[in-house]
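> Sharing a structure here in structure tokens format.
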Amino acid sequence: MTGLLAVYKKEMLAYFRSPIAYFVVAVFLVGTGYFFSYNMFMSGSASMDETFRNMGILALTLLPLVSMRLFSGEYSGRTMELLMTLPLKTWELVLGKFLGAVTILLLMSAGTFIDLVPLYLYGNPHTTTILTGYIGFLLLGMACLAIGQLFSALTQNQIVAALITVPVLLSFWYVGHLQSFQTSYVLRSLLGYLSFAQHFADFIQGLIRSEAVLFYFLVSAIALTLNTSYLQWRR
Amino acid sequence: MNNSSPAISLESVSKRFGSKTIVHDMSFSVEKGEIVGFLGPNGAGKTTTMRMIAGFTTASSGKVSVAGHDMSSQNEEAARKLGYLPEHPPLYDTLDVSQYLRFVAHVKGVPGKEIKSEIDRVATACRLENVLNHEIYKLSKGFRQRTGLAQALLGKPEVLLLDEPTAGLDPGQIQETREVIRSFGERHAVLISTHILPEVTLICSRVAIINHGRLLAIDSPVNLQRAFEQTNRVLLSASAPAEALRAELLSISGVIAVNSRPVPGMDGMLNVECQTDAREGVEAAIARTVATRWNLHRLERQQPTLENIFLRYVAGPSAAETPP
């Protein structure tokens, strides 16, 4: 556990000492603010539904910028040699980095609370729906970060890591659209099950379905396990 | 640690990348209190061997153990006993030196209360006191190298692996770094890779010479030199006619070959190089013979340098013939 904590602390220091975290959080908040006001004025309803959907897409494109440096940066900075020779378990390294990235995700989410102020001042929003929306957003973000972290471990180049992650995440988001072209029931259900967007839609509507929670946890766990195994194999 | 087990031990270790074998069947060990120099030209397999000992890569076959722990199964236990400075110091540019050292100390399991004193200790040893609060990317190459060394010294590891620790340092810093390594080596086991030959003679108790991934020799510098003393070189300067001097020298038993050159600008003076065998008293005989007939200005016996020995091993006998 000491190792995990040390890695986590180091990650947090690294985030706040490089411009990328500030940049990603800022762009995300500006984007969310824009969509929030747009949705509010267009629909005139005091809800976060549409904004959550936009936040999902924004996270899909911005979180790879957070995850891209996680291992690629260690390879190119030649610090991987240190990490792999310190008395550190590979899973501690992988999880420490992941938790660091999740902390940035939490900060991003917390930043959007500002949008809730006018919502509560001038409207009568549904608090539990907003709460489940945030839970869904965090789970979605965690899955995105875990996948991004895995791709970051596969390449020395941070840009390449981000460029692979974005289309993969977008595929997971839009894969549900392929459902309508399928005649086979199994294939249709599978495509639906794999869809990031469909599971997220449940949360936005105020539902916490165990299937959806399990799905996001499963995706994160699989990506992190592959990440750990890859690093061990790499020795 | 099992007290009887060597600090570092390699048993028939090989490393293959695809069809290419980088390290062939290498076996040697390093004991506690010993500084072993790892010598070899670029691409000889030094770094790969270091990386296998450090646990960064695993051996394709054979067994590597550190402080009695098998690197293939007890990697983490071994890592606790190990300080490693890779060829390129592994530094986080955005962190301060103290933050970086704190991170490494944490991971190495230095107890929280002792971390500060431990960082102070290594910072003093590596002369980093004045840059502890500097961001690493602002440091000069010498300071970066020493920050890397400080990281390796954290937690007083039993085994220290240093891959070219003095690369990029100025002469003063090299001196200081050698002192740090020397003082550390008194109580611990140190394996240091380098291609700076004088460094090896100055601080190492044994030298391992490797080339093309094979261990060619491992012994103390003195023993390596002795092994090469079968043929010696005696250099002399004398004022004498070349042919007569040559004939006289060759008549001395033990002199194998004579090669003379006139000294430019000094009329009648010759620089002579004699190849002799290893028997005792050849120089004395040469000195007597020359001095009785002519003017002898200088006579010295040239011992084989580590450089010659190294070249003999890695490039075959012909390379060592040319004096440096």
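Each reported figure results from applying straightforward, stated rules to the coordinates on display, with no laboratory input. Small disclaimer: the values here were computed from a predicted structure and weren't measured. Note that we place each Cβ from the backbone using ideal geometry, even for glycine, and neighbour counts take in every protein chain shown.
> Select from segment B:41-104 those GluC sites (Glu not before Pro) which occupy a DSSP coil region and have at most 13 other Cβ atoms within 10 Å, ordered by residue number.
Working: sites: B:GLU76, B:GLU77, B:GLU87; in loops: B:GLU87.
Passing sites in segment B:41-104 do not exist.
> When chain A is modelled as a GNM with alpha-carbon springs shorter than 10 Å, which of A:SER76, A:SER152, A:SER109 fluctuates the most?
Fluctuation is largest for A:SER76.
> Can you give the Kirkwood hydrodynamic radius for segment A:87-147, in Å, rounded to one decimal and based on Cα pairs? Don't skip to the end; give the middle numbers.
Numbers: mean 1/r = 0.0746 Å⁻¹.
One decimal place: 13.4 Å for the Kirkwood radius.
> Which of the aspartates and glutamates could a cross-linker span from B:LYS108 if the Cα-Cα distance has to be under 19 Å and same-chain partners fewer than 8 positions apart are dropped?
A:GLU11, A:GLU74, A:GLU81, A:GLU92, B:ASP70, B:GLU76, B:GLU77, B:ASP96, B:GLU118, B:ASP120, B:GLU158
> Show me the three semi-axes of the equivalent ellipsoid for the protein assembly as shown, from the C-alpha gyration tensor (sqrt of 5 times each eigenvalue), largest first, rounded to whole Å. Could the numbers behind the result be given before it?
Working: eigenvalues 916, 106, 87 Å².
Taking √(5λ) for each Cα gyration eigenvalue gives 68, 23, 21 Å.
> Please give the average number of partner chain Cβ atoms lying within 10 Å of the Cβ of each residue in A:13-21, rounded to a whole number.
Details: counts 8, 6, 1, 1, 7, 2, 1, 0, 0.
For this peptide, the per-residue mean of nearby foreign Cβ atoms is 3.
> For the residue pair A:GLN232 and A:HIS177, what label-to-label distance in nm results when each label sits 7 Å from Cα along the Cα-to-beta-carbon direction?
3.9 nm
> Sticking with this one: Taking θ = phi - 60°, what integer Hz values does the Karplus form 6.51 cos²θ - 1.76 cosθ + 1.60 yield along segment A:113-118, in sequence order, with x for Gly and Pro?
Each residue's phi maps through the Karplus curve to give 4, 4, 5, 6, 4, x Hz.
> To continue, here is another question. When the dipole is taken about the Cα centre of the protein assembly as shown, and only Lys, Arg (+1) and Asp, Glu (-1) are charged at their Cβ, what size is it in debye, to the nearest 20? Each step should come with its number before you reach the end.
Details: 47 positive and 44 negative charges, 60 e Å.
Result for the protein assembly as shown is approximately 280 debye, rounded to the nearest 20.
> Taking a ≥ b ≥ c as the square roots of the Cα gyration tensor eigenvalues, with a/c under 1.5 meaning rounded and otherwise prolate when a/b beats b/c, else oblate, which class fits segment A:79-220?
Numbers: a/c = 2.22, a/b = 1.26, b/c = 1.77.
In terms of gyration-tensor shape, oblate.
> Now for a separate question. Report, in listed order, any pair from B:LYS46/B:LYS138; B:LYS81/B:LYS141; B:LYS113/B:LYS138; B:LYS15/B:LYS63 with a Cα-Cα distance greater than 18 Å. Please list the in-between numbers first.
Numbers: B:LYS46/B:LYS138 30 Å; B:LYS81/B:LYS141 27 Å; B:LYS113/B:LYS138 29 Å; B:LYS15/B:LYS63 11 Å.
Beyond 18 Å between Cα atoms: B:LYS46/B:LYS138; B:LYS81/B:LYS141; B:LYS113/B:LYS138.
> Just to be sure I understand: with springs between alpha-carbon atoms less than 10 Å apart, which residue in A:GLY206, A:GLY44, A:GLY56 has the highest mean-square fluctuation in the Gaussian network model of chain A?
Maximum fluctuation in the GNM of chain A, among the listed residues, is at A:GLY44.
> Using a Förster distance of 30 Å, how high is the FRET efficiency between B:SER5 and B:ARG226, based on the Cβ-Cβ distance and rounded to 0.05? Mind dumping the intermediate values first?
On the way: r = 30 Å, r/R0 = 1.00.
Computed FRET efficiency for B:SER5 and B:ARG226 comes out at 0.50.
> Distance in nm between label sites at B:ARG298 and A:ARG188, each 7 Å beyond Cα in the beta-carbon direction?
Modelled inter-label distance: 9.9 nm.
> Run the simple label-point estimate for A:THR128 and B:LYS116 please: 7 Å along Cα→C-beta, distance reported in nm.
5.2 nm
> Quick one: dipole size for segment A:92-235, taken about the Cα centre, charges +1 on Lys/Arg Cβ and -1 on Asp/Glu Cβ, in debye to the nearest 20.
With only Lys, Arg, Asp and Glu charged at Cβ, the dipole is about 340 debye.
> How shielded is A:73-84 by partner chains, expressed as the average number of their Cβ atoms within 10 Å of its Cβ atoms? Don't jump to the answer; show the numbers that get you there.
Working: counts 3, 2, 0, 0, 6, 6, 8, 3, 12, 16, 3, 9.
If you average over the peptide's residues, the count of other-chain Cβ atoms is 6.
> Could you check which residue among B:ARG279, B:ARG146, B:ARG51 shows the biggest mean-square fluctuation in a GNM of chain B with a 10 Å Cα cutoff?
B:ARG279
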